[in-house]
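The values are calculated or read from the model by the stated rules, or taken from the named source; none is laboratory data. Please read these numbers as outputs of a predicted model, since none were measured by experiment. Cβ coordinates were reconstructed from backbone atoms using ideal geometry, including for glycine residues, and neighbour counts include every protein chain displayed. Note: areas computed on protein heavy atoms with side chains; ligands, DNA, RNA excluded. Shrake-Rupley method; radii C 1.70, N 1.55, O 1.52, S 1.80 Å.
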Amino acid sequence: METRENGEEPLIFRYSRSERLKNAPKNVQDFYSGNFSTAPKGLFKSLFANKTSKIMFLTIIFLLMISMFLTFLTPKENTVSVENLKIKLDAIYFEDKIYCSLEFPKSNDFQNREEFVYANFFAFDENDNLIHSDFDSGIYSGEKKYFRCAFMDFEIAKITCELDFCENNYILKADVK
């Protein structure tokens, strides 16, 4: 019999591991004996290993498809297409000012003609209260051109532009970035 340094008697275990495993559930006995089932190897095999995994995987794919559909196929409020010309409104905050820019890209459809552009910019706060307004005008003849204005107010959250172009009226909206 073994004794400890301080003279105490050693602990005696009367219950061995093999005795403990005899009373254990079947899955515990299989685990200790090495007969347990392992998860399938590989990404797709593990994703389709059981019904719950299949449902979760298909749910994720379905939600991704919906988000891609909504992202790419819904029209954006800050762009408008006029005769294959994609006009874009941007509003950015830089050095205590908010700069609004209405971009007209280069277009071969407008090379031989000139169209008058009138852009009326409206600045709104978060509660949709009108704070400021400004305008810019000019002639678009197919070359890349910008119509711009700047506002000096910290409360501006949204910009709306009423655009008169090609004898039609368009409304573009952009959040301040």
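Values computed for the structure shown
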| item | result |
| --- | --- |
| Filtered residues of segment 57-111 (kept if within 30 Å of Lys45 (Cβ to Cβ), of a type outside the set (A, V, I, L, M) and either open to solvent by less than 90 Å² (accessible area, probe 1.4 Å) or in contact with a strand residue (DSSP E or B) (Cβ under 7 Å, 6 or more places away or on another chain) (or both)) | Phe57, Thr59, Ser67 |
| Exclusive hit being among the small types (Gly, Ala, Ser), surrounded by 13 or more Cβ atoms within 10 Å (Cβ to Cβ) and touching a residue at least 40 places away in the same chain (Cβ under 8 Å), set Ala174, Ala157 | Ala174 |
| Cβ-Cβ under 8 Å pairs, at least 6 apart or on other chains, segment 112-134 side on the phi > 0 side of the Ramachandran plot, far side surrounded by 14 or more Cβ atoms within 10 Å (Cβ to Cβ) | Asp128/Lys158 |
| First in segment 12-31 and surrounded by 10 or more Cβ atoms within 10 Å (Cβ to Cβ), second anywhere and part of a loop (DSSP other than H, G, I, E, B) and not β-branched (Val, Ile, Thr), Cβ under 6 Å, 6 or more apart | Asp30/Phe36 |
| Exclusive hit being within 28 Å of the chain's Cα centre (by Cα), of a type outside the set (Val, Ile, Thr) and modelled with pLDDT of 95 or more, set Leu163, Leu85, Leu70, Leu89 | Leu89 |
| Options Phe110, Phe147, Phe62: the member that is in contact with a Leu (Cβ under 8 Å, 6 or more places away or on another chain), at pLDDT 95 or above and among the aromatic types (Phe, Trp, Tyr) | Phe147 |
| Residue selected from segment 13-34 under the condition polar (S, T, N, Q) and modelled with pLDDT of 80 or more, by the criterion nearest to the chain's Cα centre (by Cα) | Asn27 |
| Members of segment 160-171 that are open to solvent by 50 Å² or more (accessible area, probe 1.4 Å) and closer than 17 Å to Ser101 by Cβ | Glu162, Ile171 |
| Residues of segment 68-106 that turn out to be assigned to a helix (DSSP H, G or I) and either in contact (Cβ under 8 Å) with a residue 12 or more places away in the chain or among the polar types (S, T, N, Q) (or both), as a count | 1 |
| Residue list for segment 139-154, restricted to those being surrounded by 15 or more Cβ atoms within 10 Å (Cβ to Cβ) and part of a loop (DSSP other than H, G, I, E, B) | Gly142 |
| Residues (assigned to a loop (DSSP other than H, G, I, E, B) and either modelled with pLDDT under 80 or surrounded by 11 or more Cβ atoms within 10 Å (Cβ to Cβ) (or both)) located in segment 36-49 | Phe36, Ser37, Thr38, Ala39, Pro40, Phe48, Ala49 |
